[in-house]
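The numbers here are math on the coordinates, done by the rules we state, and not lab data. Since the model is a prediction, treat every value here as computed from it, not as a measurement. Neighbour counts run over all protein chains shown; Cβ positions are idealised from the backbone, glycine included.
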Amino acid sequence: MQVEHTEFRPKIVAFCCNWCSYAGADLAGSSRLAYPADVKIIRVPCSCRVNPMFILRAFQRGADGVILCGCHPGDCHYTTGNYYARRRMTLLFSMLDYLGVEDGRTRVEWVSAAEGVKFSATMNEFVAKIHELGENVRLEDLRCKN
Amino acid sequence: MQELITRAKELLADGTVSRVLGWKKGDLGWDPEPAYFEKEEDLEGFVYNPFCGANLSKYLIAAGKLEGRTLVFLKPCDTYSFNQLVKEHRVKKEKTYIIGVGCRGTLDPEKVRAAGMKGIEDAAVDGETLKVATLYGEKEMPLKDALLDRCLVCKGKTHVAYDELIGTQAGEEAGPGELAGDRFAEVERLEALPPKERFAFWQGQLSKCIRCNACRNACPACSCLKCVFDSSQFDSSQKANADTFEEQMFHIIRAYHVAGRCTDCGECSRVCPQGIPLHLLNRKFIKDINTFYGEYQAGADTESRAPLTDFTFEDVEPGIVSKRGGGR
Ligand code: SF4
Ligand code: SF4
């Protein structure tokens, strides 16, 4: 029997730093705050561990949206990591926009370990935005599609 | 040109330098190529004319590993690349001897040919006129119609690093044939297009890429010995691109790797056999860096911190991209 997939289920990759945002996601979970299952979290030691290529790679492998979450500026566990990440991502997002990739597909949000509510609200908002934008076709690798 | 040869011979003879890095006549008159000269007699083959577009600073990485000093001829904009290489510890000042040469802009052979010149052998600038020596006699055309696009938005005629100058003076101003345009004008035009059209524009351009890697190899900022693109694990390995993602991947990463280090020397666009306007990607980064983090010219000095290895507490948030009107 063949199952028909008609509804669009976005694939969302969320890079979360170990110290704040991942703990924030945990708190969202233990507080029973809902966020869509379309969000797949990848834990990274620090937001600045995210090489711009990771973001491109996520899109290549079929992500429809990529969000990076880290500690609030000033709260980085490694003191300054998120400041570097902030510059890098600003330039990367601007370049993607310049190449004509819809700019709503990428986002950076600072989420602390105490902000479970913010985490779930951000994810709900982001997923809704990706729903609106639809499937990612401008930054994809056809060989990675099934 | 004779002056350059004479001086190079002197420096070789008195042992100040062990070799000379310059340009020699190529297979065709409009295509001089970078060359080493080790003996005084070799220098007879030396040329310097407006077709000598090649930026020689990158060769100094390899030359620095040889015995003795290398004499190198650098045009004003090439010295920015030199400074950038010094800053990144790729080249040592003590191992080089720079003669800064005057430059009235370098030529785009395509434009010269398009003006109907055949059998090009040599060229010289006379005021605002370009005199081209061809097999069929001497021809003339306006200089500004023959210059490479990068030279139409020249950074200026000041050498930012040199040991001596020949054919130019410190602080010389650019002539009227240069500096005709605003280097960000084309970037702004693209930014104002709707995303769909921007995407179509870049798809049209980038799909021409044959992954010859000339842009990477010519770029003085691209100086890693082991390049990410050479890895067999990389999704955009050494071959022509199979789909839009590979094209974008290669070009975004190439431009990103030189972001904040690109001096806007224009070599990448000059060497691209497919005529892809790679400088428009680099300039986008330069423009963003200038607006977000303050004016920055890579290679203007050898000490300042590069924008991507620096930060301030007040930096803009990445969300600025959409607020500024991205997604138009
Ligand atoms: S990216 Fe292009 S313009 Fe920039 S330094 Fe390299 S070759 Fe020159
Ligand atoms: S020089 Fe041009 S064709 Fe060659 S790899 Fe670079 S962009 Fe592609």
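A few comments on the model shown:
- Ordering B:Thr309, B:Thr129 from the fewest to the most neighbouring beta carbons within 10 Å gives B:Thr309, B:Thr129.
- For chain B, the antiparallel share of DSSP beta bridges with both residues in that region comes to about 65%.
- Around B:Lys139: net Lys/Arg minus Asp/Glu count, Cβ-Cβ under 10 Å: 0
- Extension gain, B:Thr312 to B:Glu188, is 42.0 nm, computed as 0.36 nm per intervening residue step minus the present C-alpha separation.
- Estimated FRET transfer efficiency (A:Asn18, A:Asn51; beta-carbon r; R0 22 Å; 0.05): 0.85
- Structure-based [θ]222 nm, chain A - -39500 (n - 2.57) summed over DSSP H runs of at least 4, per residue, nearest 500: -12000 deg cm²/dmol
- Each Cα pair under 8 Å and six or more residues apart adds its sequence gap; the mean of these over the residue count of chain A is a relative contact order of 36 percent.
- In chain B, helical runs assigned H by DSSP with n ≥ 4 each contribute -39500 (n - 2.57); averaged across all residues and rounded to the nearest 500, the mean residue ellipticity at 222 nm is -8500 deg cm²/dmol.
- With a simple spin-label model that places each label point 7 Å from the Cα along the Cα-to-Cβ direction, the separation between A:His131 and B:Ala124 comes to 7.4 nm.
- Cα-based Rg of the protein assembly as shown normalised by 2.2 N^0.38 Å, two decimals: 1.12
- At full extension, B:Cys212 and B:Arg305 could sit 30.3 nm farther apart than now, given 0.36 nm per residue minus the alpha carbon distance.
- Charge tally in the Cβ shell below 14 Å around A:Arg86, where Lys, Arg are +1 and Asp, Glu are -1, A:Arg86 excluded: -3
- Ordering B:Thr291, B:Val258, B:Thr312 by Cα displacement along the dipole of region B:182-328 toward the positive end leaves B:Val258 in first place; charges were set at the Cβ atoms of Lys, Arg (+1) and Asp, Glu (-1).
- Rounded if a/c under 1.5, otherwise prolate or oblate - region B:1-89, Cα gyration tensor axes: oblate
- Mean Cα-pair separation over length for chain B, i.e. relative contact order, pairs under 8 Å, 6 or more apart, %: 15 percent
- Potential lengthening of the chain between B:Ala114 and B:Gln203 amounts to 29.4 nm, from the contour at 0.36 nm per residue minus the alpha-carbon distance.
- Separation of region A:68-97 and region B:15-87, taken as the distance between their Cα centroids, equals 41 angstrom.
- Of the chymotrypsin sites (Phe, Trp or Tyr not before Pro) found in region B:277-328, those in coil by DSSP whose Cβ has at most 14 other Cβ atoms within 10 Å are B:Phe313.
- Lone cysteines, chain B (no partner Cβ under 4.7 Å): B:Cys52, B:Cys77, B:Cys103, B:Cys151, B:Cys154, B:Cys209, B:Cys212, B:Cys224, B:Cys227, B:Cys262, B:Cys265, B:Cys272
- In the protein assembly as shown, the DSSP beta bridges split such that about 40 percent are antiparallel, to the nearest 5.
- Placing +1 on the Cβ of every Lys and Arg and -1 on the Cβ of every Asp and Glu, with no other charges, gives the protein assembly as shown a dipole of roughly 1200 debye about its Cα centre.
- Once both labels are positioned 7 Å from their Cα atoms along Cα-to-Cβ, the gap between B:Leu152 and B:Asn290 label points is 1.7 nm.
- Of B:Leu281, B:Leu135, B:Leu107, the sequence from fewest to most neighbouring Cβ atoms within 10 angstrom is B:Leu135, B:Leu107, B:Leu281.
- Cα gyration tensor shape for region B:182-328, rounded if a/c is under 1.5, else prolate or oblate: oblate
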